[in-house]
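As structure tokens, the structure follows; a few thoughts come after it.
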Ligand SMILES: [Zn+2]
């Protein structure tokens, strides 16, 4: 059972301009430890969502307490190394297109370190990842495991003005203080250093047509951004040249199927068929789809 807490807009810190966006579909009896696992089969369950009229952010309130969530994250399971590799490869392509100086890099919420490997490939030499969950760090492969610190990101771990690049993927929806996180990233970046985020876009076509069946409506997401609110967050924090654009994600067919809104029985049947040795190659085909994710770059 989760204790729920009310909270103001985590960017503006008031509730004065907030209106209900969606009522809660949280059902205590369906909540399990797996609810906080990376890339689970979606549960279609979320806390009440409010939209802030001042900054455009949509945020959960009341939500599970930060304490309950951080315990759940520490113990969350992880079974996604193929998907994390696909995602990391996609994100690295966008970083390459933006241009970068390979120097010192930090990946916050690095999971099994798939993106750390991409940073090595791109020529970065001083690389650190932080990841609070035990499971992904346990399965991280030898080449990147020594680069990962298994703990919650804390600015005190790193010196000010010390990174050329800080990345943070699919994470700012999960943290309770997204504004503090961006302020911390700003401080540890060198002047001219870049932040690179990938997040769900609440305003994306896929999120709008799928409605309640979109996997972005989830109890793990204590806020949801759109281009306007994420731009606001970065400019308020002091970032310049903020660039927000939608991306294509290339994932295996089996992964898309997991996320697609089909009846649970049909979905289980199809996934079981694709697990058959004769069809495994079909399930592994990588397909680029506009999945409602946006990339965000900002410069200090
Ligand atoms: Zn706000």
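Evaluated at q = 0.13, 0.14, 0.24 Å⁻¹, a Debye calculation over the C-alpha positions of the range 147-250 (equal weights, vacuum) places log10 I(q)/I(0) at -0.52, -0.60, -1.44.
Thinking of the range 239-300 as a set of Cα atoms, what percent of all their pairs are more than 17 Å apart? Counting every Cα pair in the range 239-300, those more than 17 Å apart make up 54 percent. Semi-axes of the equivalent ellipsoid for the range 64-150, computed as √(5λ) from the eigenvalues of its C-alpha gyration tensor and ordered from largest down, come to 24, 13, 13 Å. Once every Cα of the chain carries one equal point scatterer and solvent is ignored, give the base-10 log of I(q)/I(0) from the Debye formula at q = 0.08, 0.11, 0.16 Å⁻¹, two decimals. So the normalised log intensities are -0.33, -0.65, -1.49.
Computed over the chain, the per-residue total of -39500 (n - 2.57) for DSSP H runs of n ≥ 4 gives a 222 nm mean residue ellipticity of -9000 deg cm²/dmol, rounded to 500.
Computed from the coordinates by the stated procedures, all read-outs in this text should not be read as laboratory data. The structure displayed is predicted, hence computed values, not measured ones.
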